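Report on the following structure.
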Amino acid sequence: MRTVNVSEITENIKEMCIEANHYLSKDMEAALKHSQETEASPLGRQILGQLSENLQIAADEMIPICQDTGMAVVFLEVGQDVHLEGGAVEEAVNEGVRKGYTEGYLRKSVVGDPIERVNTGDNTPAVIHYSIVPGDTVRITVAPKGFGSENMSRVFMLKPADGIEGVKDAILKAVSEAGPNACPPMVVGVGIGGTFEKCALMAKQALTRETGAHSTIPYVRELEEEMLEKINGLGIGPGGLGGTTTALAVHINTYPTHIAGLPVAVNICCHVNRHIVREL
Ligand SMILES: O=C(O)C[C@H](O)C(=O)O
């Protein structure tokens with residue numbers, strides 16, 4: 001049994017919130033750079049160039065990449081041989097977010113109640129997903145999520161008879177309706193199977209995958225490749241101003257489901273697809 005003090009979780013999450021909002025991960029940066037070489041539209045290439053320049057300015061001058069510094073989504077994978085001491089884990093995570101957004105001067109975007117809508121002033125609470133895994137480490141993923149693209153995400157409760165063609169139509173419908181509102185080029189996270197909530201969680205987790213890495217399931221990999229091509233054929237383009245780079249990647253996760261259903265969730269992320277991982 002290994003002991004981890006929750007204050008370590010707080011310190012790391014603080015740093016990760018600040019880092020994620022100023023430095024886009026290498027995989028996203030590379031995908032954006034690569035898209036400049038493949039984009040067919042001159043205006044699209046210009047916009048992609050500006051997005052890359054914006055990343056450089058953010059890193060050099062410590063200015064957040066985007067004004068929407070997101071709601072902090074945190075995945076905690078806790079090894080079953082870890083003993084967590086020093087306080088409540090949930091409070092430790094929220095303290096990390098609080099410190100990160102306050103000390104990092106990041107925009108506070110969270111309201112304490114969805115109807116009364118009073119800003120909590122420190123970007124807490126985070127949305128936290130826990131899982132118990134084998135091992136004696138704590139793996140933390142911080143993925144601050146902007147809401148321009150979150151708002152354009154969708155869940156479709158398809159019927160089994162809709163089949164794979166229904167899944168393709170659902171993904172294309174979500175992306176087409178998102179259009180420029182999701183600040184393309186996007187990363188499209190898809191969850192297929194499970195239940196209503198499981199498919200949404202899989203879609204969110206899919207966004208944290210290394211950009212452009214494929215599923216190990218052959219038909220899912222083919223579907224990811226086909227959907228990327230189809231999405232880029234929609235012509236929405238960088239900034240929604242036309243072009244061949246509407247998405248940088250499509251990541252699909254699947255799970256067994258009920259005989260009577262075919263749930264599909266499409267979680268869209270703008271080009272600022274922030275995700276950082278640390279292991280304690
Ligand atoms: O800044 C915001 O909160 C809005 C949003 O992310 C947007 O895409 O406009």
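Assorted remarks:
- Residue match in the range 223-245 (condition: open to solvent by 20 Å² or more (accessible area, probe 1.4 Å) and over 25 Å from Arg45 (Cβ atoms)): no
- Residue in the range 197-220 that is in the same structural domain as Asn267 (by TED's automatic domain parsing), on the phi > 0 side of the Ramachandran plot and of a type in the set (Gly, Ala, Ser) present: yes
- Out of Lys145, Lys159, Lys168, Lys173, sole residue that is among the charged types (D, E, K, R) and within 16 Å of the ligand (Cβ to nearest atom): Lys145
- Flag if Gly235 is over 24 Å from Asp68 (Cα atoms), in contact with an Asp or Glu (Cβ under 6 Å, 6 or more places away or on another chain) and modelled with pLDDT of 95 or more: no
- The strands (runs of 3 or more DSSP E) found entirely in the range 126-214 that carry 1 or more residues being open to solvent by less than 20 Å² (accessible area, probe 1.4 Å) and touching a Phe, Trp or Tyr at 6+ places or on another chain (Cβ under 7 Å) are 138-145, 186-194.
- From Glu229, Glu224, residue being part of a helix (DSSP H, G or I) and without any contact (Cβ under 8 Å) to a residue 12 or more places away in the chain: Glu229
- Exactly one residue among Leu207, Leu241 is over 14 Å from the mean Cα position of the chain (by Cα) and not β-branched (Val, Ile, Thr), and that residue is Leu241.
- Taking the criterion of being without any contact (Cβ under 8 Å) to a residue 60 or more places away in the chain and open to solvent by less than 70 Å² (accessible area, probe 1.4 Å), the residues of the range 103-122 that qualify are Lys108, Ser109, Val110, Val111, Gly112, Asp113, Thr120, Gly121, Asp122.
- Taking the conditions (1) touching a strand residue (DSSP E or B) at 6+ places or on another chain (Cβ under 8 Å); (2) within 16 Å of the ligand (Cβ to nearest atom); (3) of a type in the set (S, T, N, Q) in turn, Thr137 satisfies each one other than (2).
- Among the residues making up the range 252-276, those that are assigned to a strand (DSSP E or B), farther than 30 Å from Leu24 by Cβ and touching a helix residue (DSSP H, G or I) at 6+ places or on another chain (Cβ under 9 Å) are Thr257, Leu262, Pro263.
The values are calculated or read from the model by the stated rules, or taken from the named source; none is laboratory data. What you see is a predicted model; the values in this text were computed from it and never measured. Reconstructed Cβ throughout: ideal geometry from the backbone, glycine too, with neighbour counts over all protein chains shown. Just the protein is used for accessible areas: all its heavy atoms, side chains included, with ligands, DNA and RNA removed. Shrake-Rupley method; radii C 1.70, N 1.55, O 1.52, S 1.80 Å.
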